[in-house]
Amino acid sequence: MPKNPINRRHFIKNSAATMALASLGPMNFSIGSTKKAYKVALIGTGWYGKSDLYRLLQIAPVEVVALCDVDRIRLSEAGKIISQKQVSGNVPKLYKDYRKLLEENELDIVMIGTPDHWHALQAIEAIKSGAHLYLQKPISVDVLEGEAILAVARKYNKVVQVGTQRKSTPHLIEAKKKIVDTGLLGKISHVEMCCYYHMRANGSPEVIPVPDYLDYEFWTGPAPLRPYDKLPHGSWWRTFMEYGNGIMGDMCVHMLDTVRWMLDLGWPTKISSTGGIYVQKEGKSNIADTQSAIFEYNDLNCIWQHRSWGNPADPAYPWAFKLYGEKGTLEASVMRYDFIPHGEGEKIHGDVVYEKEKYPEDVTEERIELHAAPATRNHLRDFLSAIENNEKPVADIEEGHISSASCILANMAMYLGRPLVYDPEQKIILDDPEATQLLQRPYQNGWKHPFDDLV
C-alpha cells in the first residue's frame, strides 16, 4: 500500500535538529503557523494523555474546554494543571462520561489517551461529533474495531492522527532521507525488530474494595470485569490481555509502523508468531513474556522479538529495528541510528534531538520522555497542518490500523499456533473460519461492538 514520501509538513524547532537536517537539502517542512484557537478535549487524563496535551499547548493557540476521566481525583488534578498551562487560565469542564462531554461541547479536536480497550468506541463517537482526532496507539484491541474507526473517519472526512510519532522523530527522518531513500542499503530483504525492556508487571496484589473516587465498572466498559486488585490505570492494566495486546501491541506497533514507513510497506502477506509465558510464571499477568513474530512481505521478512526478562541482545539498541541490505545495515532506535556499510564506505551516526533550550519547561515536567517530546510536537504540528489543508497526516488512521492490526494478528497467530493471512477487503482470515471469528472480541456489560453497525 503506497505511502506519501517523507517530505510531509514536518518541522524541527531547535537549532540542533535544523543543522542536522540542513545537509539533507530541502525537505518541505512547514512552520505550522495556525492562528485558530482550536477547542480541544482530552479523554483519559493519565500520564500519557496529559503529556500529549501538554505538547499541543506548547505549539498551538488551543483552548482546552473539557477533560474526561473515571477517576475523580485524577480528573480534578488535571483540570487544575491545565488551567495553569493554558493562556486563558480557564479550568476545563470536567466529565466522567465521554459521551456527555461530546454531546455538550462543540469541539475541533479530541485527544484520546485511555487504555486500549476504550479506543474504538471513544474514537468513533468523537469523529461522529464533528471533531478531528488524535488517537493513541494501538488504535484498537481487535482487528474489526480498527476497520470500524477507519470507515467512520473516511465517512465523516475527519483527520485522525495516530500516536506513532516515530515518523515525526528528527533523527529517524534524517536516517530515512539520508540512508534509506538514497539507496545506501541496496536491496533490503531482512528486518529485525525487538524490545527487551522489563515492562511486564507481574505482581499478585490482593483483591480490595474499589475506592469511592473511581468508577471501576465504567473504566472496564466493554472489557471483562476483573476483580479489583490494584488501580487499573498506570502500568497495571497493560499486563492483561483483557485491556490490550501485550508488549506486541504496545511496543512492536511502534517499530513495525516505523519500518513500514521507512520501506513503504502495506499489509503483510502472512503473519506467524510463537511465544507465551516462559519465565515469569508467578503473578497475575497474562501477557506473553517471550514472543517472536514474522511479518512476511515479498522478498522480505520483518521479524519481531521481545523478552521482558534477561538482557538485550544488543545493549545499545534494546528497543529498536535493524534493516539489513545488500550494501549495508541501518540500526535505529528512539535514541540514535547507525549505518554500517558492507566493505568500503563511511559509517554514519545520528543521535536523538532534544529541545531543552527551546522548551525549558520540558526539563522539570514530571515523568516526561525527553527524547519523545520533540517528536510529539512535530507529530501534532503535522496533525494541525493536515486539518488546515484537508490532507491526510503522516500517521493517518489507515496506517495506524495496518500497524495495530498486524500486531493483533501476530497475537492471534501465537494463540492459534498457525500462520494467518488477513484479507482487508473481505475482512476475513483466508481459509480459516476459526481465526476469522477472533477478529472481533465479544463486548461485555451491554456495550455494542462498533463493527456491528457496518455490516
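The values are calculated or read from the model by the stated rules, or taken from the named source; none is laboratory data. None of the values given here were measured: they were computed from a predicted structure. Methodologically, a virtual Cβ is constructed for each residue, glycine included, from the backbone with ideal geometry; neighbour enumeration extends over all protein chains shown. Ligands, DNA and RNA are excluded from the accessible area calculation, which covers all protein heavy atoms including side chains. Shrake-Rupley method; radii C 1.70, N 1.55, O 1.52, S 1.80 Å.
What's the number of the condition VAL191 fails, among (1) at negative phi; (2) out of contact with any His (no Cβ under 9 Å at 6 or more places or on another chain); (3) surrounded by fewer than 18 Cβ atoms within 10 Å (Cβ to Cβ); (4) of a type outside the set (D, E, K, R)?
Going through the list (1) at negative phi; (2) out of contact with any His (no Cβ under 9 Å at 6 or more places or on another chain); (3) surrounded by fewer than 18 Cβ atoms within 10 Å (Cβ to Cβ); (4) of a type outside the set (D, E, K, R), VAL191 breaks only (3).
Looking only at segment 337-357, how many residues end up being in contact with a Pro (Cβ under 9 Å, 6 or more places away or on another chain) and either assigned to a helix (DSSP H, G or I) or surrounded by fewer than 16 Cβ atoms within 10 Å (Cβ to Cβ) (or both)?
Qualifying residue count, segment 337-357: 1.
Looking only at residues in segment 133-162 that are among the β-branched types (Val, Ile, Thr) and in a strand (DSSP E or B), which one is farthest from TYR422 (Cα to Cα)?
Among residues in segment 133-162 that are among the β-branched types (Val, Ile, Thr) and in a strand (DSSP E or B), the one farthest from TYR422 (Cα to Cα) is VAL160.
I'm checking my understanding of the structure. Among residues of segment 289-321 that are in a loop (DSSP other than H, G, I, E, B) and touching a His at 6+ places or on another chain (Cβ under 8 Å), which one is surrounded by the fewest Cβ atoms within 10 Å (Cβ to Cβ)?
TRP309
Look through ALA386, ALA435, ALA375 and report the one residue that is touching a strand residue (DSSP E or B) at 6+ places or on another chain (Cβ under 9 Å), surrounded by 20 or more Cβ atoms within 10 Å (Cβ to Cβ) and in contact (Cβ under 8 Å) with a residue 40 or more places away in the chain.
The conditions single out ALA386.
Could you tell me how many of the residues in segment 392-416 are without any contact (Cβ under 8 Å) to a residue 24 or more places away in the chain and either buried (at least 22 other Cβ atoms within 10 Å of the Cβ) or out of contact with any Asp or Glu (no Cβ under 8 Å at 6 or more places or on another chain) (or both)?
Within segment 392-416, residues that are without any contact (Cβ under 8 Å) to a residue 24 or more places away in the chain and either buried (at least 22 other Cβ atoms within 10 Å of the Cβ) or out of contact with any Asp or Glu (no Cβ under 8 Å at 6 or more places or on another chain) (or both) number 1.
Let me confirm something: among GLY79, GLY89, which residue is open to solvent by less than 10 Å² (accessible area, probe 1.4 Å), small (Gly, Ala, Ser) and free of Cβ contacts under 8 Å to residues at least 40 places away in the same chain?
Among GLY79, GLY89, only GLY79 is open to solvent by less than 10 Å² (accessible area, probe 1.4 Å), small (Gly, Ala, Ser) and free of Cβ contacts under 8 Å to residues at least 40 places away in the same chain.
Give segment 267-288 a look and list any residue that's part of a strand (DSSP E or B), buried (at least 22 other Cβ atoms within 10 Å of the Cβ) and among the β-branched types (Val, Ile, Thr), or say none.
If the condition is that a residue be part of a strand (DSSP E or B), buried (at least 22 other Cβ atoms within 10 Å of the Cβ) and among the β-branched types (Val, Ile, Thr), then ILE271 is the only one that fits.
If the requirement is being in a helix (DSSP H, G or I) and over 20 Å from the mean Cα position of the chain (by Cα), which of these qualifies: ILE127, ILE82?
None of the others qualify; the one that does is ILE82.
Please specify each residue of segment 322-336 satisfying the condition of being touching a residue at least 60 places away in the same chain (Cβ under 8 Å) and part of a loop (DSSP other than H, G, I, E, B).
GLU326, LYS327, VAL334
Please indicate, with yes or no, whether at least one residue in segment 238-259 is in a loop (DSSP other than H, G, I, E, B), under 30 Å from GLY343 (Cβ atoms) and in contact with a Pro (Cβ under 8 Å, 6 or more places away or on another chain).
Looking through segment 238-259, none of the residues is in a loop (DSSP other than H, G, I, E, B), under 30 Å from GLY343 (Cβ atoms) and in contact with a Pro (Cβ under 8 Å, 6 or more places away or on another chain).
State the number of residues belonging to segment 42-76 that are of a type in the set (Ser, Thr, Tyr), under 15 Å from GLU365 (Cα atoms) and surrounded by 18 or more Cβ atoms within 10 Å (Cβ to Cβ).
Count: 2.
Return the residues of segment 422-440 that are within 23 Å of the chain's Cα centre (by Cα) and closer than 18 Å to SER273 by Cβ; say none if nothing qualifies.
If the condition is that a residue be within 23 Å of the chain's Cα centre (by Cα) and closer than 18 Å to SER273 by Cβ, then TYR422, LEU438, LEU439 are the ones that fit.
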